[in-house]
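Just so it is clear, none of the values below were taken in a lab; they were calculated from the coordinates. Note that this is a predicted model, so its numbers are computed, not measured. As a convention, Cβ positions derive from the backbone with ideal geometry for all residues, glycine included, and neighbour counts pool all protein chains shown.
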Ligand code: 5AD
Ligand code: SF4
């Protein structure tokens, strides 16, 4: 197209950094796709950039601190080249709003997660302005204090995709819902991402098909509580997550389907049966427990007891043989005593999670916990509990991973392993990395051309986080006849 040719002639350079969850990675992908239409191309050199964007996270203070210090560092870039436009996108933009301009006056645009479709226009008007004119685009609170809904974004925003921003060329995310209605007392997500809204199944399926046509082999369905997904059709029918899995499973070239993250109470039998019966759905479930103490769970408003969580886990293991489950825990939540912490240790020991993500409680302004309960566990205690719980989990992960030694696993090969170096006397094999169906990382020797393929790997060794081995076919493919 002639128009695109014109745009290419004066390509603007875009530098983007993303912190936080997979939803943010996907949001960044969509923002970059939109900006490509406006003649931007990606750069990894911040000093070359015409626009610098940070897609931010507010779940913990640490994530916010990182952004403020990055904004501090780039101040000199703006001083040298005032024409560079700087944007803060995502959860922090929604949460802090004007405060970002106060702390970092050189920022040009602040855009909340519900308004990202407006980034191109906001950047364009910032560029057109003759003087520095900061612009704020965030979702507004309604009278009842909840956030306005932003369904329009699904149609205009999720339709665009940008392969260069994906984890790998054959792995992609699809949003199935926005927002969250659970309002766990510690969590900022519902107040920055708004209420839960399911996306129409037709749009999700169409997107899966487009991705498959682009060569994507693995699709991860995303939602804050993805297993709560419900879509009411105008004729009264309801689609659930299990229906989405079944429909996407019909696309032959999609070799693996995952979904994150699950809320324990919504782990319904139809979903577990779908995971059991659909071979290309990963036998892996991330179901955050957050705590092993009933009193803490009640204070967190998680709406289940430890016994109910464990009953759910038993159902998961009975229904899906060989499934692996991972979890999240918060340590040092308000009022967590040594005894309540020990109960979390007990839950980890009994549950034998594949792995657990463990976080020190970080008080978030605007949450119920911050209003109602003092953040009374000292930082040093939080740190110790974090290390202790991690040590318990790591010992379990190591023991369980070692059980895989001698067995063969199916790995979707993602790329060269991080530590991969071509040694002297290189035998034609690279060190590759990928994941098994139950989400274990596998590092193995094999030729580069296996990247993007499903490969059988013989496990020869294991650490707490990695299975090590060799591709079953490695010798044969390395020295073609
Ligand atoms: N402090 C610490 N961890 C938190 N999480 C969410 N909010 C907080 C907070 N205020 C953790 C939960 C959640 C994960 C994404 O982040 O464990 O599952
Ligand atoms: Fe936050 Fe709870 Fe919603 Fe997860 S389920 S996003 S922890 S409020």
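Average projected area of the Cα convex hull of the chain, in nm²?
Details: hull surface 106.5 nm².
Directional mean of the projected Cα hull area for the chain stands at 26.6 nm².
Estimated from helices alone, the mean residue ellipticity of the chain at 222 nm is -10500 deg cm²/dmol (sum of -39500 (n - 2.57) over DSSP H runs with n ≥ 4, per residue). How much of the DSSP bridge set in the chain is antiparallel, in percent, rounded to the nearest 5? Here the antiparallel bridges make up roughly 40 percent for the chain.
You can think of it this way: the chain between residue 349 and residue 65 has 98.9 nm of extra reach, that is 0.36 nm per residue less the Cα-Cα gap.
Take the Cβ atoms of residue 307 and residue 206, set R0 to 51 Å, and the FRET efficiency comes out at 0.75. The order of 91, 180, going from fewest to most other C-beta atoms within 10 Å of their C-beta, is 180, 91.
Here residue 253 and residue 458 are evaluated by their C-beta separation; at R0 = 45 Å the FRET efficiency comes out at 0.95.
FRET efficiency for the pair residue 48 and residue 269, taken as 1/(1 + (r/R0)^6) with r the Cβ-Cβ distance and R0 = 56 Å, rounds to 0.55. Computed on the chain, with alpha-carbon pairs under 8 angstrom and 6+ residues apart, the relative contact order is 9 percent.
Within 10 Å of each residue's Cβ, count the other Cβ atoms and sort 299, 418, 66 from fewest upward. All intermediate terms of the calculation are to be shown ahead of the outcome.
Details: 299 21, 418 8, 66 15.
Arranged by neighbour count, lowest to highest, 299, 418, 66 become 418, 66, 299.
For segment 249-285, list residues with backbone N below 20 Å from a point placed 7 Å from the Cα of residue 318 toward its Cβ? Correct set: 264-278, 284-285.
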